[in-house]
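I have placed the structure first, in the form of structure tokens, so that the comments after it can refer back to it.
The values are calculated or read from the model by the stated rules, or taken from the named source; none is laboratory data. Worth saying up front: this structure is predicted, and the values here are computed from it rather than measured. As a convention, Cβ positions derive from the backbone with ideal geometry for all residues, glycine included, and neighbour counts pool all protein chains shown.
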Amino acid sequence: MSNNEKICSLLKGLPDQALTQIAQYFAVLAEPTRLRILNALRASEKNVGELAIICSCSQANVSRHLSNLANHGIIARESRKTSVYYKIADPSIYALCDLVCHNVASQLTEQVAALSGKSN
């Protein structure tokens with residue numbers, strides 16, 4: 001049985017509520033600022049101010065995105081004195097992101113090659 005067949009078989013057995021939760025998880029990742037935040041947290045934990053600078057966003061905007069990521073268990077918060085630091089709670093998120101990034105990069109490479117071939 002191929003991986004695609006295993007995934008299709010797994011999805012068929014899931015109740016609608018589980019499928020809804022899976023869709024919501026992917027929806028959380030469907031926002032560029034949240035992806036920037038996840039990428040910034042790869043190296044080390046950071047506070048809102050640091051993430052705001054890295055993401056070129058206001059602290060309020062970053063806080064909203066962090067809350068969304070935390071609500072889905074992707075990141076964790078840790079209070080220290082007057083600051084809150086954020087870190088990845090589910091490191092498997094990077095395997096998913098890397099897989100998608102690799103696939104997108106491959107598609108873009110194929111598109112460039114196709115366009116290059118047409119112009120010659």
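Let's see how each residue does on (1) modelled with pLDDT of 95 or more; (2) among the small types (Gly, Ala, Ser); (3) in contact with a helix residue (DSSP H, G or I) (Cβ under 7 Å, 6 or more places away or on another chain); (4) not assigned by TED's automatic domain parsing to the domain that holds Tyr86:
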site: Gln17; (1), (2), (3), (4): no, no, no, no
site: Tyr25; (1), (2), (3), (4): no, no, no, no
site: Ala40; (1), (2), (3), (4): yes, yes, yes, no
site: Lys46; (1), (2), (3), (4): yes, no, yes, no
site: Ala52; (1), (2), (3), (4): yes, yes, yes, no
site: Ser56; (1), (2), (3), (4): yes, yes, no, no
site: Val62; (1), (2), (3), (4): yes, no, yes, no
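Tally time: how many residues in segment 80-120 are more than 12 Å from the chain's Cα centre (by Cα), closer than 18 Å to Ile37 by Cα and of a type in the set (Ser, Thr, Tyr)?
As a first pass, look at segment 80-120 and keep what is more than 12 Å from the chain's Cα centre (by Cα): 80-87, 89, 102-120.
Filter once more, so that each one left must be closer than 18 Å to Ile37 by Cα: 83-87, 89.
From what's left, of a type in the set (Ser, Thr, Tyr): 83, 85-86.
Counting residues in segment 80-120 that are more than 12 Å from the chain's Cα centre (by Cα), closer than 18 Å to Ile37 by Cα and of a type in the set (Ser, Thr, Tyr) gives 3.
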